[in-house]
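Input: a single structure, listed below in structure tokens.
Each value in this text was obtained by applying a stated rule to the coordinates, not by laboratory testing. No experiment lies behind these values; they were computed from the predicted model shown. Here the Cβ positions follow ideal geometry from the backbone for every residue, glycine too, while neighbour counts run over all protein chains shown.
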Amino acid sequence: MVASFLTNLARQPKNALKKDENEDEINHGSSICIQMLAHSQRIKLRMMEHALTASLLSDKHATSLYAV
């Protein structure tokens, strides 16, 4: 029983290091997810901007046709 306690105690720092490594991997994965989400939001905003510009240009063109 004492031997298993000492064995477990000796393994603890290794397990703690492994846990920190896992947390680092999780944090890195979360960071990548946040970056991808931000990138997709920028793309979505850019697409909306292009659609609005196209709509405004179309309206301007239509207005100029009716003015003639």
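In this label model, His39 and Leu56 are separated by 2.9 nm, measuring between points 7 Å along each Cα→Cβ vector. Count Lys and Arg as plus one, Asp and Glu as minus one, and take only other residues whose Cβ is under 13 Å from that of Ala54; the net charge is then 0.
Residue-wise HN-Hα couplings along segment 26-36, as the Karplus relation 6.51 cos²θ - 1.76 cosθ + 1.60 with θ = phi - 60° gives them from phi, are 5, 4, 5, x, 5, 4, 5, 4, 5, 5, 5 Hz; Gly and Pro carry x.
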